[in-house]
Structures are given as C-alpha cells and as structure tokens.
C-alpha cells in the first residue's frame, strides 16, 4: 500500500495510456507462441468433429519413436573414422634415438627399442580414451584413412593403447636385455597415439547414413479426406492428424519462428485493451483519472492471462477451469460497479481465449460469460460477506449446468459427460478458490484504500466507538448527522448514487465538531453563547476548523479515504456566511479578506459528496425555520441549493441538473415529513363529584 500511495500521492505524472501499454507488453510476454490448432483428439477414441479434408498438400510424418528406431538401426552399420599420423611415429623414434645416445644407452638396447617402436607404430597406437569410446559404441571395427585418403576397415583389437604397447615391448625383450635397465629408459615418453579420430569425416559419414532414413511415410493431397465424425482415431490416422497439426503450426508460427502470430496477437490484445481504456475514459472518467483504480483494474485484467499462458504451456487445457476467472469480476463489482466489472470480465475472457486451441474457444467463452453474469446478478446488493459464498455456489452451478448443456447440444452423446467427469472436480476446486474472494476483498481494501459496501455497513453501525463518542460529546451534532443521513440516502436512491457510501459519509462528516462542540449551535445550551467576546474572524476560524479537525480524527481512527472525502468536501470552498455577513455589516468601509471566512475545500467531486453538501446545508437551516409549512420548507430547500449551484460548488461533481431537481424534491418531502407539527393530545377534564342529597 505504501508503494502505491507513494506513486499517486507523490503525483508522478504517468499518463493513463502508459499503464495500458505496460499491461499489453506483460501479457504478450506470457502468451504462448504455438499456432492455434483447432482439433483435440485421442488415439482409439471417436473423432468428435465433422468431416476433415486436407486444405493443402502435406507429408505424413513418421512418429518420433519410429524415426528413432530406424536411425538406431542404420547407425549399427556406422563405423567411426580415424587417420594415421606418420609424423608422430617419426618424431617419437627420432627423439628416442637422440635421448638414448645422449644418455649413453648401449647400442643393442637402442636397436631393440627402435625396432619395437617401429613395430607398434606400424600396427597403430590409439589413445585409451578413443579405445574406450569405440567400445562403448559397441563397435569392433573402425575405418582407418592413410596418407592417400584411402580408408580401410581395421579391427579395434589390432591396435595398441600406449599401455599395451609398453607391455608389448617389455614382454618381448630378449634374454640379454635387462628389464630394469629397459625400464630406466622411460619408453612411455615415446609412445604417443598416432591413430587420430577424424571428427569431420566421421560426422559427414554419420549424416549421410541418417539421410537415408525417410522422415515421411506418405503424402496427403489437397482435398483428400482425413477423417469424419464418429470414426475411430487409429494409430495411422493419429499420425496423419499429428502431421497436419505440425504443418498448421509451421505455417502459423512456432516459438523459434513466430512469424505473423505475435503480430496478430499483439493487434488483438491491443484492440481489447483499448476497448477497456475507451470505456473507462467515456463512461467511468473518475476511475480513468484515478491511478489507484487503473492499477487495480489492470492487475485484475493482467494476472489471469498470465496464469492462463503458463498453463497453456503444459498443453493440459482442461486445467483452465481451475482458474477462478470470477474473482476479478467480484472484486471490481465490490469496489467499483457492475458495468465496469462485466466489461473487464469480458476483456479478460477474450484475451485468455486467444491462448486456447480453436476448438475449445467457443465452449470456454460461453461458460465464462455466463459465469460473469451470474457474479453480477448474485452480487447486485452486497451487504453481507456471506453473499460471496452464495455467489461462489451459484458460479459452481453455472459451470456444471453450462458444461453439461454444451456437451449435449454439440455432441449429443451423454456418455462424453462421464468420460470428462474430471472437469466437474475442477469446477468444485474452482468453487473453493472463489469462496475465498472475501479475503481478497479485505486485502484490496488495505492495499488500494478501497471500501466495500460491507465495510460501509460496518462503519455505519452507530455502536462503533467513534460514533458513540460523537453522540456523547456532541449529541446535537450526532442527531444532525443522523438526520442528514436520512436525507441523503433517500436522494441517493432516487438518482442512482451509492446510498451505502453517502450514508456512512453523512454519519462521520461532522466528527471534527467533537473538538469544540459547544461552539456549534446544535450543541449549545439555551442562554449560553460561547462566541460572545470573540470577533467574527475568530469565531469563523473555530467553525471552519472543524473540517481539519475531522480529517485528523478520521485518520487517527483509520477511516477510509472515501469517508475522509465527505469530511473535506461537505462545505467545499464555501463561506461561513453567518460570520462573514456579520463582519461585512459591522465593517462596511473595510475591504474584507474573504479567505478568513472560506472553508479549505475541496469542492465536491462525486455525486455522493455533492448530495451530502446539499443535505448538510438544508438540514441545518431547516432547524431555524419558524414556519414548517410545505411552502416554507420547499422555498428554503430551493433557495439554498440554488445558491450553492450559483456559487459554483458543484462544478467538479458529475451531477446533472435533473439530479439536483430530484434531490430538491426528495429533501422537501423528507423535511416536511420530519418537521410536521404533531397533533396536540387533549387533556382529560376532571369530572365534578355529584352528591345526591336525599331530602
């Protein structure tokens, strides 16, 4: 919450479209790159679609297992290529002769070792690593190239390793040669492998062999029948379908070669996101300008396509029904409104549908749209948290009924319902996820500073400590707040505003009067005037100060910002007219600084805050009426509200003249009802006692 507030309160100028662009890029990053093959099928199961014919020529690919078997078979005849390096033997023998002469080795020793070195080098010395590598390939022969580039087949056993060559020289030593002296010569230093692996030739020959393995086992001509509805998908037909799938994806794009796929997805997602942005700009301008609301909505839109994209990579598309797509709809409905919630839900569903196979798109879209509408209908009046649980139950029933109906109307085969019974388990798990939406409601309230209708109902409970304190410290103000709440709720219901929000705001709008309650008329005792001895400016500052004090108290008690808005705006930038008029009348020749008598504001910027300003003024002024007739009350209401309109206090509020006229009517009706004179009850006259005197 602190980070979000830092961005917004810090007034970093980030244009709203930038948030949408970032969301589009994030969604694009997690979007699958495969082509959208529109058929799903299982071997030895019936084909569920209509007649499928080849739209173009394509090869029938062999299965990976078949290709692997054929490659393994042909590689059995493969023999690695080696070549003889004559220079190694020449250098080794020459070096031995020089070293032996320098060390005064006897000539007969030199002669014997030289002869044996020529012998083993002529047979060939191969490194122990290459020897083991050939054995691991289960090869007994290799191809050996000589200096003339002619290859001949040689058995591996015909070569020496350096160790075997050394042992050969030692074991063949004649009797007159002393083995100890022979070992001292360090013959190992002159036994270097002269049989070298020819990697280039080996790779070329292996590739030539593998090219002999055909990757295809036939070809399907354009227009040729592949399969028809009800036919069993056998192994051969499945191979043809797999080949067709591969060709479709290669034409559309793959992860390594996306082609036009990414471009098309980018256009589609951009169009959908721009639709949402235009809707907010033209129909929900307050949310469009409110960065918190924009971030909240885009998180709701973006997070589920990301989850869907990650699941799409698993190819288990039925798992999509585990994703609780109803949660964003519930949250946006709770904190903003139903129309925005449904619009956002549709955009999210359409984006996620782009990640599914074409065959599953219609079913997915239909089911999710019905689920979205069920969320809206079941939460039209969210007044209790238990309603979220009931909503989850309705969503579960919607999934079950819709899926069953879809199978019956598209396949006409009830047995398919039982074959895909696991989906019903997924629907139940989805129900569990959605049931915990009420926890997310609380989290969003804390993170984004939103307020739900349930929270507003809890805040409007007059038994809450803050309202109890108001009723004890400033009972007149508390009664005034109750009367104002009665007026604004009726007006809000008449013009379609948020009645729960405005009622809660009305109860708290004057809590700042608890600081100096006696200075306000409704809390004064008759005959005592606390303003006596104070100048008009001093009195005005005390009266005006209750707004600032109210904000401090509200923040101390952690009231939501939406309630604080009512405290700040219920006088707007109006004037404390009683003291302003009194000062002007007493100082006719003095230029008055109007700021000394003006409330800090801001002016109302929502219909709800505008209603509260009107109700607060009208209810307070009606207390001074001596004539409670219908005409007098109606005239008072019209005069006060028209004065506020002419002062421009409602210019920032999205309230129409029609709304204002309806509000006047409601206020007049309610005030007439609340302030009508009661019928005086007649007192019982005492009857005179009549005494009968008998004469």
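Side notes on the structure shown:
- Unique residue being modelled with pLDDT of 85 or more and crowded, with 19+ Cβ neighbours inside 10 Å when the list is 434, 443: 434
- Qualifying residue in segment 592-599 (condition: touching a residue at least 24 places away in the same chain (Cβ under 8 Å) and assigned to a helix (DSSP H, G or I)): yes
- Some residue of segment 92-110 being loosely packed, with under 15 Cβ neighbours inside 10 Å, closer than 28 Å to residue 136 by Cβ, in contact (Cβ under 8 Å) with a residue 12 or more places away in the chain and touching a helix residue (DSSP H, G or I) at 6+ places or on another chain (Cβ under 7 Å): no
- Residue within segment 307-314 that is assigned to a loop (DSSP other than H, G, I, E, B), modelled with pLDDT under 90 and buried (at least 17 other Cβ atoms within 10 Å of the Cβ) present: no
- For segment 37-61, a residue qualifies if it is modelled with pLDDT under 75, farther than 19 Å from residue 216 by Cα and either out of contact with any helix residue (DSSP H, G or I) (no Cβ under 6 Å at 6 or more places or on another chain) or surrounded by fewer than 15 Cβ atoms within 10 Å (Cβ to Cβ) (or both), and the qualifying residues are 38, 39, 40, 48, 49, 50.
- Total residues in segment 169-201, condition assigned to a helix (DSSP H, G or I), surrounded by 15 or more Cβ atoms within 10 Å (Cβ to Cβ) and modelled with pLDDT of 85 or more: 4
- Of the residues in segment 224-242, not one is touching a helix residue (DSSP H, G or I) at 6+ places or on another chain (Cβ under 6 Å), under 21 Å from residue 146 (Cα atoms) and either at pLDDT below 85 or not in a helix (DSSP H, G or I) (or both).
- The number of residues in segment 208-223 being assigned to a loop (DSSP other than H, G, I, E, B) and either touching a helix residue (DSSP H, G or I) at 6+ places or on another chain (Cβ under 8 Å) or at pLDDT 80 or above (or both) comes to 5.
- Filtering segment 478-492 for residues that are at pLDDT below 90 and over 26 Å from residue 520 (Cα atoms) leaves an empty set.
- Among the residues of segment 474-498, those that are within 42 Å of the chain's Cα centre (by Cα), touching a residue at least 40 places away in the same chain (Cβ under 8 Å) and over 13 Å from residue 612 (Cα atoms) comprise 494, 495.
- Within segment 449-457, not a single residue is part of a loop (DSSP other than H, G, I, E, B), free of Cβ contacts under 8 Å to residues at least 40 places away in the same chain and on the phi < 0 side of the Ramachandran plot.
- Failed criterion for residue 583 (all others in (1) surrounded by fewer than 17 Cβ atoms within 10 Å (Cβ to Cβ); (2) at pLDDT below 85; (3) over 23 Å from residue 473 (Cβ atoms) hold): (1)
- The sole residue among 610, 615 that is part of a helix (DSSP H, G or I), out of contact with any helix residue (DSSP H, G or I) (no Cβ under 7 Å at 6 or more places or on another chain) and in contact (Cβ under 8 Å) with a residue 12 or more places away in the chain is 610.
- Any hit, segment 540-559, residues being surrounded by 15 or more Cβ atoms within 10 Å (Cβ to Cβ) and on the phi > 0 side of the Ramachandran plot: no
- Note on segment 119-152: residues that are on the phi < 0 side of the Ramachandran plot, in a loop (DSSP other than H, G, I, E, B), under 58 Å from the mean Cα position of the chain (by Cα) and exposed (fewer than 11 other Cβ atoms within 10 Å of the Cβ) total 0.
- Candidates 134, 113 - the one that is farther than 26 Å from residue 185 by Cβ and in contact with a helix residue (DSSP H, G or I) (Cβ under 8 Å, 6 or more places away or on another chain): 134
- Filter pass, residue 105 being farther than 30 Å from residue 212 by Cα and part of a loop (DSSP other than H, G, I, E, B): yes
- Scope segment 514-565; condition farther than 20 Å from residue 600 by Cβ, in contact with a helix residue (DSSP H, G or I) (Cβ under 8 Å, 6 or more places away or on another chain) and assigned to a helix (DSSP H, G or I); matching residues: 517, 521, 522, 523
- Exactly one residue among 642, 627 is out of contact with any strand residue (DSSP E or B) (no Cβ under 6 Å at 6 or more places or on another chain), within 29 Å of residue 563 (Cβ to Cβ) and either part of a helix (DSSP H, G or I) or at pLDDT below 95 (or both), and that residue is 642.
- Residues (part of a helix (DSSP H, G or I) and crowded, with 24+ Cβ neighbours inside 10 Å) located in segment 321-330: 326, 328, 329, 330
- The residues of segment 417-432 that are touching a residue at least 24 places away in the same chain (Cβ under 8 Å) and closer than 23 Å to residue 361 by Cβ, listed by number, are 420, 422, 423, 424, 426, 427, 429, 430.
The values are calculated or read from the model by the stated rules, or taken from the named source; none is laboratory data. Not measured: the values here are computed from a predicted model. A quick note on method: Cβ atoms are made from the backbone with ideal geometry, for glycine too, and the neighbour counts reach across all protein chains shown.
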